[in-house]
Amino acid sequence: MPKAIIFDFDGVIVDSEPLHYQAFVLVGKSLNFEMTWEQYLNQYIGFDDRDAFRYMLHQAIEGGHTPDIEDLNETMDELIEKKRVAFEAIAEMGTAAILGAVELIEEAHAAGLPIAIASGALHADIEQMLRLLGIRDKFEIIVAADDVEHSKPDPTTYAMAFKKLAEEYPDAGLTPDTTLAIEDTGAGLQSAIGAGLQTLGLTTTSPPEVLQQAGRVVEDLSGVTLASLSRWYG
């Protein structure tokens, strides 16, 4: 079976995309920008917060709304902070795990299999939801949007997570092609494949046709165990 597993976060461990959407909608109102859930799924999935706000500003300007901006970088920092605060408040009201995710994480951790998170979310968001799910202690390695200059689909996020795992477990004989990435978006799969990893796609966020590059595609992680991963990728 794979010698290590790197989990994406939103849509793989936590059903958090609706929470991110609500936070973006709240902050977008200050830019006179509105979007539907369908627009979020079709245009924003896979972006980290900075790229999402860049695109949001572009869309607002195209729609005839010119935000009052003097310093783009300063504005981005303010928007990201507002979104973080909004997201934390929304998440505290209820956070749900993707079916089977906690069980697979706990099985892998108990078996001593190296695991990590490689996500386009912020560290603060990830830490909060792992705590709410009671699995923060299962992960020593988390690579988030704040750790990289270019987030997914750039391969840096997964490449950095693999590098950290290989350093943390020098005797495990880890190689990219024996490490499995679990993803739910096309951008995430591009990142993982670019880093040389094997891939499992979940249709929790994207339809199967978006995940065609994955080595295998399943609906969610319910019933996915180390034994089944061994059969699929052994």
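A short reminder: the numbers here are calculations on the coordinates, not readings from a lab. Not measured: the values here are computed from a predicted model. Neighbour counts are summed over all protein chains in view; Cβ atoms, including those assigned to glycine, are modelled from backbone coordinates with ideal geometry.
The figures follow:
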| item | result |
| --- | --- |
| Filtered GluC sites (Glu not before Pro), region 72-149: DSSP coil and at most 15 other beta carbons within 10 Å | GLU140, GLU149 |
| Sequence-separation-based contact order of region 17-92, relative, with Cα cut under 8 Å and 6+ spacing, percent | 48 |
| Calculated [θ] (222 nm, deg cm²/dmol) that DSSP helices of n ≥ 4 give over the chain, each run adding -39,500 (n - 2.57) | -13000 deg cm²/dmol |
| Separation of the TRP37 and ARG231 label points, Cα + 7 Å toward Cβ, nm | 3.4 |
| Global form of region 17-92, assessed from the alpha-carbon gyration tensor, a/c cut-off 1.5 | oblate |
| DSSP beta bridge pairing in the chain, given as percent antiparallel to the nearest 5 | 5 |
| Span per principal axis, largest first, for the Cα atoms of the chain (Å) | 54, 33, 32 |
| Dipole moment magnitude, nearest 20 debye, the chain about Cα centre, only Lys, Arg, Asp, Glu C-beta charged | 660 |
